[in-house]
Amino acid sequence: LNVTEEKFVLDTVAGCTEYKSILDVVVNAFYVQDGRYCPISERNLYIVICYLATFQLEEIGLQHFSRIVKSLDTAKMQQFLRFFFNDLHLNTWIKDEWSHIYDSVYVKENLIDPLLRWQPKVQQLIEKLTDKLSNRSTTVKTSRVTQPKEFNLTVPKPRAIPPPSPAPLPVLPKRQPVPPSIYKPPKERKQLEEIKTKNIQKAKIIFSFVSFSLAPFICFKFLHRIISAVLVLWSQISCESCLESVLTQYLEELTKQPQDLIDNIPIKLNTAAILREGALYQRKLEEELKRVENLQQGAGDSSEFLEWQKQMRGKDLEDQLAEIECRKLQGKLSYEEAVLAHQNVTQENKKKADLLREEKAELMHLYAEKRLQEQKEMKELVEQVMEGHKNVKQVKAKIQEHKQQIVQQVCEESGELLRQALEEQEEKNRKRYELIQQIRALESTPSIRHKFVDLTETGGHGLFAEMSVVELRERLALLKEAQKAAEEEKRDQIIHEKQAKEQLILDKLDQISQFRAELGRAAAFKQEEKKKSQSGERPMKDERILNLQKKIAEKTMERKKQAGLL
């Protein structure tokens, strides 16, 4: 931008910021009434146009303001200017709302009266925008005389007479029979079943050793090592009994490792974790003290209930495992039934295919007869069209005479309309020239823009607590000193609070270390007792599982017999 344009942009931005309160009154009301469907992202656009129309219209002139408005969206500018320059709005609620912010005399003389003075000229701009929206142009274009042209009719091509006898129907080639390999199960399915069986055996062995032998191990690092060892041994040893003996020996060696390697793993805690763990241990301590106090007062112990609860949970787990096994067997049973249903559907499809072949032969015979009938009708239609082409020249001459009469009437009417349009255009040009002369005379008058300011005097607006700029600066300096003193006091308070918090965290760490040591000893004691009480018995199979296995075997035999018949 050059210097002039840069100054205009800066003055506009400063004015929009300074008079934001009165500009928001108009723009907010516009969004409520006429601009309900306008996007809120264009709010700043309407604020700038409102500022230019209110404070800068006399300075920049109507011509410059019109160029700015026309460079923007026509529909939006027409809608906003029609709302803002409405006489009823300016004299009623806009004047009242602005009087709440500034003095009513100042609002009437410096804001409302200039807008009312410019209102007729801005109304013309609004009418131009309305004409532009309705696609009406002020210039009249001279119409051209219609020159008749001869029709470019397509010369019909002579059509060949179809042969009397229809073409022979194509004979379909003999279809190859379906290969018998389609009705046999593929070899890949058998290989996949063998791989699936091996994977199930592998998963059962891993699950049995992980679930029954690795109960004391909580660390996932050791669990990963054991599973990796099982997979390596599976690839090297084929006998399941040998694999179980090797895994048992490996687990015994692993359990002999010191428990301190698992328990004494260093974990870095932050402040939130320390306070959270300290609160947990404090809550446990309070619960233990409360339990001891209740026991002293004669309350009962809940150990028997916990033992019963543990047994019931074990039974629920066994029921869940049996239910899972039943679902697997039900899935296999449904698979066998689906295979049998597929074989039955295949037989029905063969019967339907034979019926479709017979119907197709009948339809081909009917199609041949229909084709012969259509060829006869087409031949008759061609003869009728050839007779109709003979009468085209007479109709063409009549149409030419009718068009010449219409063209003569249109020429007479267009001459009269052209004369009236030229007279109206001359009148509009004369009025426009007079308006331009008046605008240029107004623009040539100089305006006083300089104003001398005394910083020691007040504005004289008659407001409460009115003060000069010098007094305002002194008060601001005092407020800054008071704010600085408050900040120093706040800083000292934060330092004291931080030191107290650090001391609290150190106390919590000591308390946590003591609780961890006691919990570690208690866990080691419980683990030794659990090893002694563990039993290697496995639950017996459920009757539902045995019944489902029998049903699956029967369905498999029936499917194989059906496949042999197919």
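A few remarks follow.
- Relative contact order for region 3-135, counting Cα pairs under 8 Å that sit 6 or more residues apart, in percent: 28
- Set of lysines with alpha-carbon distance to Lys20 below 25 Å, sequence-local pairs under 8 removed: Lys7, Lys70, Lys76, Lys95, Lys108, Lys451
- Kirkwood hydrodynamic radius computed over region 324-478 comes to 31.2 Å, based on all pairs of distinct alpha carbons.
- Ligands, DNA and RNA excluded, the heavy atoms of Phe525 present near 120 Å² of accessible surface to a 1.4 Å solvent probe.
- Calculated SAXS-style log₁₀ I(q)/I(0) at q = 0.10, 0.12, 0.17, 0.20 Å⁻¹ - region 3-135, Debye, Cα scatterers: -0.31, -0.45, -0.95, -1.35
- Sorting Thr17, Thr74, Thr271 by solvent-accessible area of protein heavy atoms yields Thr17, Thr271, Thr74, largest first, with a 1.4 Å probe.
- Rolling a 1.4 Å probe over the protein heavy atoms leaves Val178 with an accessible area of roughly 90 Å².
- Sorting Ser414, Ser66 on solvent-accessible area from highest to lowest, probe radius 1.4 Å, gives Ser414, Ser66.
- Alpha-carbon Rg/Rh ratio, for region 86-127, with Rh computed the Kirkwood way: 1.03
- Under 19 Å from Lys379, Cα to Cα: aspartates and glutamates that are on another chain or at least 8 residues apart: Glu369, Glu387
- Taking label positions 7 Å along the Cα-Cβ direction at both Lys290 and Arg159, the computed distance is 10.2 nm, reported to one decimal.
- Note, ³J(HN,Hα) from phi for region 508-519, Karplus 6.51, -1.76, 1.60, rounded to Hz, x at Gly and Pro: 5, 5, 4, 5, 5, 4, 5, 4, 4, 4, 5, 5
- From the alpha carbon centroid of region 70-118 to that of region 173-198 is 87 Å.
- Counting only heavy atoms of the protein chains and using a 1.4 Å probe, Lys121 has close to 50 Å² of accessible surface.
- Residues Arg117, Arg559, Arg475, Arg175, ordered by accessible area of protein heavy atoms at a 1.4 angstrom probe radius and largest first, appear as Arg175, Arg117, Arg475, Arg559.
The values are calculated or read from the model by the stated rules, or taken from the named source; none is laboratory data. All values reported here derive from a predicted model rather than from experimental measurement. Positions of Cβ are backbone-derived with ideal geometry, glycine not excepted, and every protein chain shown enters the neighbour counts. Calculation scope for accessible area: heavy atoms of the full protein, side chains included, ligands and nucleic acids excluded. Shrake-Rupley method; radii C 1.70, N 1.55, O 1.52, S 1.80 Å.
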